[in-house]
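Let me begin by presenting the structure, written as C-alpha cells, before commenting on it.
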Amino acid sequence: MSSSPESGGRRRGFWQRLRDRDEPVAVVQPPVASGDSPAELRRAVAEVVRLVNSRSGDLPVAAVVNARRLTDLLREVVDTSEVRPLDVYAVMSVQGTATDYLPTTLRSYLAVDESLRDVPRGSGVTPTQALMIQIDTLTTSVAATLDAVQHQDADALMTQGSFLRTKFARSDLDL
C-alpha cells in the first residue's frame, strides 16, 4: 500500500482533530437489564401476591397459604440485596418464579374446569394435588436459593474475619 501525501495529510488531520476536541466525551452507561433490580423484583413479587389474593376464592385454601409462603420467601431473597447484591442465580430464581412459574401454575389450575379439579388424571394425581406439588416444588427451590444467599453472607463474614486476623495479628517476625 503506497502512502500518498494526500492520504498522509488526511491521517494527520484526523489525529489533530481528535487531539484538539473541545467537546466532552459522552460516557455511555451500559443498559440495565429489565427486571433485575431489587425494586423491579419486589414489584414482580407484589404482582404475583395480587394474583394469589385476587384468585384466592377460586384456589384451595392450602394452595393460597402455600403460595403466600412462597411469595414471602421470594421477598426474603430480594431483601438480602440490602446487604449484598443478588447474584445472577438468585435474580433468575426470583424473576422466573414471580413472573412465570408461579403465575403459570396458578393460571393452569384455574383453567381446569371445577368439576375436574379433584378427578384423578392418567398419572393418578388430581389437578388439585398437582397444584400443591408444583407450589411445594417452587417453595423448595426458592428456600434453597435463600439458604445459598444467606450462606454466602456467612462465608463472606468468615473470609473477612480471616483477612482481619492476618492483617492485624501480631507477627512472629515483629521485634
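Remarks
- Placing pseudo-labels 7 Å out from each Cα toward the beta carbon at Asp79 and Asp36 gives an inter-label distance of 2.5 nm.
- Each residue, Val65 and Ala148, gets one label point 7 Å from its Cα in the Cβ direction; the gap between the two is 2.9 nm.
- Of the chymotrypsin sites (Phe, Trp or Tyr not before Pro) found in region 80-139, no site is in coil according to DSSP while having at most 14 other Cβ atoms within 10 Å of its Cβ.
- Multiplying the residue separation of Val125 and Thr140 by 0.36 nm and subtracting their alpha-carbon distance yields 3.4 nm.
Each reported figure results from applying straightforward, stated rules to the coordinates on display, with no laboratory input. Computed from a prediction, not measured in an experiment: that's the story for all the values here. Cβ atoms come from the backbone with ideal geometry, glycine included; neighbour counts cover every protein chain shown.
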